[in-house]
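Report on the structure given below.
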Amino acid sequence: MQLQPLFPDVLGTITGGTRIGLDRLQVAVGVFPPVAFLNQPVEIAIVLQNMVDQNMQVRVAIRVPDEDRKGNPVVIEVPRTQVQIGMSPGEVGVLRMPIIAHPPTRPGPRFPVRVAVRYRTPKPGKYVRPPAGGAPPSVLAVSPFHLQALREIRFDAHTWNESAEIITTYFDLAPKRIPRPPSNFKHSYLTLWTPDQMAKEAELAQAQVETARNIAVGLMHPSAYWNFLDVTPELFAQRGMPLHPGEAKAIAKMMAYTVDEAPSLEPNYQLERTRWFQGLCQVLAQDPERAHMDRGEIFTDFLYEAVLHDAVIMGFHVIKQRVREDLGTLAEQVQYANRVLTWFGGYSEPDLNYIYLPLILGGVAINRLVQMDRHENPWVMLNELNEARRGRIRLAQGETVVVFDMLSELLAQEQQKLREQRISPP
C-alpha cells in the first residue's frame, strides 16, 4: 500500500518545536546574534511555513524603538521596514531582515523589535501539515550546514493568549562599537522546502515501510505505556492542563493501545493509513539509524502528536458501543482530533473535554487490554479516576457534565467486569 504522508515539519526541525500559529501560516521569529555591537548588523530571522495547499502572499513589517527604557535616544537603521513574499503551496522559507544600531544609542539589554506578519490566500485550502508539528524533513532545498546555522538562532516562544500577529523579539547591545558599519546590507528570502521535494520525501518514506512495520508490530516488543506515562503529565501541564495521576494513566493507556494492541485487536485496522505509522516511516527516512532506538522513545521523541491524533480517533471507536451518546461521524471525529491537536500545539485555550473525550474515556474502556506489568492491579487507575472526577465535576458545566456522565457509566461497566473476573481491589 502506498503511503500518503503529510508534508514534513521543517519549521519545527529548525526551532526545536517553537512556533507561532496564524491558522494557515506558522511563523518563528528569532534574532542573530543575540548580543551585538554598535554599527554591527543584527538579523531578524523569520521562518515562514505555509500550512495549506494554496499560494500565499505574506507581508512582514518590523518596527524598532526610538528611545530606550530610560528615555535615551535610540538610532536603529532599518533598510526596509516592510517586505512582501510570495509562497507556493506548502512552501517553507526564511526571511532575514537586517538592522544596525548606531551612536548615540547606549549599550544595554533587551532592545525590542516588533514583527508584524499578515498573509492572504485565494481560498482557505486544505491543510497539508498537522498544527502541532510532524515528521522531520528528509529532503531540503539547502545544505545541512545552512540548516545547522538556522538551528543556532534563538527563536522566541509564544503562548496562545498573546497577540499572534505581532511578535516581539529582543537583542542586547554590548559596550563596544565597530568602526565602520557595512554600506550595503539588505533583506533576503531563502526557500528551504517546496512541494517539489515531496515526491522524494514520499519515496524515501516508502522505502522504510518494512523496517517501520517491524518496529510497529514486531513480535515481543515492549509496551510503550511507560514511555507515554513518563512524558504525558509534563506535556499536558505545559499546555495548561495539569493531570491527576489516574488521568495521566488513562491517556497513556489509550495512546499505548493505539500503537501496541489496536493493530492486532481491531478489525479492518489499516496500519499504513495511520498518522503515527506514516510519521514513523518519515522519521526513519530522515535518519535510518533511529531504527536502533528504543521503540517507546521513538514514539515520545518524534511521534507523540501523531499518536495523540490517532488515539483520539481510536478512543471514539472503543467507546462508541459502550455509551448512549451520539459521538458523531468519522469525519466529525477527525475534525475534533484536529482541534485537540490545535490546542496541544498551543493555539487555543485549554478545554477539559479535550482530555476526557475520548482519551480518558477510551483509557477506561481498554483498561484491562494494556498490560503494564504482572503486578498491576487494574482497579488502581479506576479508583484514581473516581477521585479525579469528584474534584473536576464541581467545576463542570454544559457539555462537560455529559462527558462526566459517560465517565461514570464506563467506570461502572469496567468495575463490574473486574468483579466478574474475580479481580479484587488492592
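The values are calculated or read from the model by the stated rules, or taken from the named source; none is laboratory data. Note that the coordinates shown come from a computational prediction; the quantities given were computed from them, not determined experimentally. Here Cβ is always computed from backbone atoms with ideal geometry, including for glycine, and neighbour counts include all displayed protein chains.
Inspect all residues belonging to segment 134-154 and state whether any of them is part of a strand (DSSP E or B), among the hydroxyl-bearing types (Ser, Thr, Tyr) and surrounded by 14 or more Cβ atoms within 10 Å (Cβ to Cβ).
The answer is no; no qualifying residue exists.
Hey, among Leu418, Leu411, Leu369, Leu341, which residue is closer than 20 Å to Pro233 by Cα and surrounded by 15 or more Cβ atoms within 10 Å (Cβ to Cβ)?
Testing whether each residue is closer than 20 Å to Pro233 by Cα and surrounded by 15 or more Cβ atoms within 10 Å (Cβ to Cβ) leaves just Leu341.
Among the candidates Glu234, Glu247, Glu272, single out the residue that is within 16 Å of the chain's Cα centre (by Cα), among the charged types (D, E, K, R) and either modelled with pLDDT of 95 or more or in the same structural domain as Leu411 (by TED's automatic domain parsing) (or both).
Just a single option satisfies the conditions, and that option is Glu234.
Which residue pairs have Cβ atoms closer than 9 Å, lie 6 or more positions apart in sequence or on different chains, and pair a first residue in segment 172-186 that is more than 12 Å from His102 (Cβ to Cβ) and of a type in the set (Asp, Glu) with a second residue that is assigned to a loop (DSSP other than H, G, I, E, B) and modelled with pLDDT of 80 or more?
Asp172/Pro34; Asp172/Pro107
Mind listing whichever residues of segment 82-118 are within 31 Å of the chain's Cα centre (by Cα) and not in a strand (DSSP E or B)?
Ser88, Pro89, Gly90, Glu91, listed by residue number.
Inside segment 40-73, can you point out the residues that are out of contact with any strand residue (DSSP E or B) (no Cβ under 9 Å at 6 or more places or on another chain) and over 21 Å from Ile20 (Cα atoms)?
Gly71
Looking only at segment 284-301, how many residues end up being of a type in the set (A, V, I, L, M, F, W, C), surrounded by 18 or more Cβ atoms within 10 Å (Cβ to Cβ) and within 22 Å of Met220 (Cα to Cα)?
Summing the residues that are of a type in the set (A, V, I, L, M, F, W, C), surrounded by 18 or more Cβ atoms within 10 Å (Cβ to Cβ) and within 22 Å of Met220 (Cα to Cα) in segment 284-301 gives 3.
Yes/no matrix, rows are residues, columns are (1) over 30 Å from the mean Cα position of the chain (by Cα); (2) more than 22 Å from Leu95 (Cα to Cα):
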position: Pro175; (1), (2): yes, yes
position: Pro181; (1), (2): yes, no
position: Lys186; (1), (2): yes, no
position: Leu192; (1), (2): no, no
position: Gln197; (1), (2): no, no
position: Lys200; (1), (2): no, yes
position: Val209; (1), (2): no, yes
position: Arg213; (1), (2): no, yes
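Is it the case that segment 218-232 has a residue that's touching a Pro at 6+ places or on another chain (Cβ under 6 Å) and either more than 21 Å from Glu305 (Cα to Cα) or assigned to a helix (DSSP H, G or I) (or both)?
No; the residues of segment 218-232 include none that is touching a Pro at 6+ places or on another chain (Cβ under 6 Å) and either more than 21 Å from Glu305 (Cα to Cα) or assigned to a helix (DSSP H, G or I) (or both).
Consider Pro5 against the criteria (1) under 27 Å from Gln148 (Cβ atoms); (2) part of a loop (DSSP other than H, G, I, E, B); (3) touching a strand residue (DSSP E or B) at 6+ places or on another chain (Cβ under 8 Å): it satisfies all of them except one. Which criterion is unmet?
Status for Pro5: all satisfied but (3).
Could you check segment 237-261 and list, in sequence order, the residues that are surrounded by fewer than 21 Cβ atoms within 10 Å (Cβ to Cβ), touching a residue at least 40 places away in the same chain (Cβ under 8 Å) and among the hydrophobic types (A, V, I, L, M, F, W, C)?
Answer for segment 237-261, where residues must be surrounded by fewer than 21 Cβ atoms within 10 Å (Cβ to Cβ), touching a residue at least 40 places away in the same chain (Cβ under 8 Å) and among the hydrophobic types (A, V, I, L, M, F, W, C): Met241, Leu243.
Based on what the data block shows, is Thr300 of a type in the set (Ser, Thr, Tyr), modelled with pLDDT of 95 or more and more than 17 Å from Val340 (Cβ to Cβ)?
The answer is yes for Thr300.
For a quick check of your reading: which helices (runs of 4 or more DSSP H) sit entirely within segment 315-426 and have at least 1 residues that are without any contact (Cβ under 8 Å) to a residue 12 or more places away in the chain and over 21 Å from Pro267 (Cβ atoms)?
Ranges flagged: 330-344, 379-392, 399-420.
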